[in-house]
1. What's the number of the condition A146 fails, among (1) under 16 Å from the mean Cα position of the chain (by Cα); (2) assigned to a loop (DSSP other than H, G, I, E, B)?
2. Looking for whichever is over 27 Å from N31 (Cβ atoms), touching a helix residue (DSSP H, G or I) at 6+ places or on another chain (Cβ under 6 Å), charged (D, E, K, R) and touching a residue at least 40 places away in the same chain (Cβ under 8 Å) here; the options are K99, K84. Which one fits?
3. Step by step: first the residues of the stretch 127-140, then only those that are in contact (Cβ under 8 Å) with a residue 40 or more places away in the chain and touching a Gly at 6+ places or on another chain (Cβ under 9 Å), then the one that is most open to solvent (accessible area, probe 1.4 Å). Which residue is that?
4. Where the second residue is outside any strand (DSSP E or B) and open to solvent by 60 Å² or more (accessible area, probe 1.4 Å) and the first is modelled with pLDDT under 85 and lies in the stretch 52-74, which pairs have Cβ atoms under 6 Å and are six or more apart or on separate chains?
5. Using the structure shown, decide if T35 is surrounded by 15 or more Cβ atoms within 10 Å (Cβ to Cβ) and touching a residue at least 60 places away in the same chain (Cβ under 8 Å).
6. Just one of I6, I51 is farther than 22 Å from G135 by Cα and open to solvent by less than 40 Å² (accessible area, probe 1.4 Å); which is it?
7. Kindly list, by first and then second residue, each pair from a residue in the stretch 106-117 that is more than 24 Å from A138 (Cα to Cα) to a residue that is aromatic (F, W, Y), limited to pairs with Cβ atoms under 6 Å and residues at least 6 apart or on different chains.
Amino acid sequence: SLLESISGLLQDEQTAGISIPIHEHFMGKANHVLTKRCSKVRIFRRSKGCIDTPRVHEGVDVDGKVASISGAIHHYGEKDIATKLDKINHYSSLSAEDKHESGKRTSLLRLGFTFPLAFFKSYILRRQCFSGRRGFIAAMVNAFYAFLKQAKLFEYQQNEKNRVEE
């Protein structure tokens, strides 16, 4: 079981953190078993790590060996398309703001290629194609999220340019 695997790894003093696969659920169903799962460090020794809290997608910084584990955490955070769209609209704004504040810029080339490349990555490389129509929809929404981040960064650039010209 997942709990037994975690307990076993915690006995090893060399293990600073444990990365656990995330099994995503979307539109009421789990992604196909062949869909690539992301893994995240969700357990770590306080003396060896800390939580990194940017505005979007918090993580854990661990100093030492990170063990992988079998089993998975089931994530039900995107039960329907509306929830997923609300989430990406919010996260894309935060991400664009972070990029703008760190001096990053976008271009017409990046705006044009972000959507198709993100769709390919999600649908083919992350194997959403195995989840049927739900996988196609999820890949399209993921690609739109990637595009929104660039479009909102462009909007920041334009607003800054307009302020300078005034």
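The values are calculated or read from the model by the stated rules, or taken from the named source; none is laboratory data. What you are looking at is a predicted structure, and each value in this text was computed from that prediction instead of being measured. A quick note on method: Cβ atoms are made from the backbone with ideal geometry, for glycine too, and the neighbour counts reach across all protein chains shown. Quick note on the areas: whole protein, heavy atoms, side chains included, nothing else; ligands and nucleic acids left out. Shrake-Rupley method; radii C 1.70, N 1.55, O 1.52, S 1.80 Å.
1. That leaves (2) as the condition not met.
2. K99
3. Residue satisfying both the conditions and the ranking: R127.
4. Partner pairs satisfying both residue conditions: V56/Y91.
5. Yes.
6. Checking each option against the conditions leaves just I6.
7. Final answer for the pair search is T106/F154.
Here is a yes/no grid of residues against (1) under 27 Å from R127 (Cα atoms); (2) out of contact with any Leu (no Cβ under 8 Å at 6 or more places or on another chain); (3) assigned to a strand (DSSP E or B):
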| site | (1), (2), (3) |
| --- | --- |
| S7 | no, yes, no |
| L10 | no, yes, no |
| P21 | yes, yes, yes |
| E24 | yes, yes, yes |
| L34 | yes, yes, no |
| S39 | yes, yes, yes |
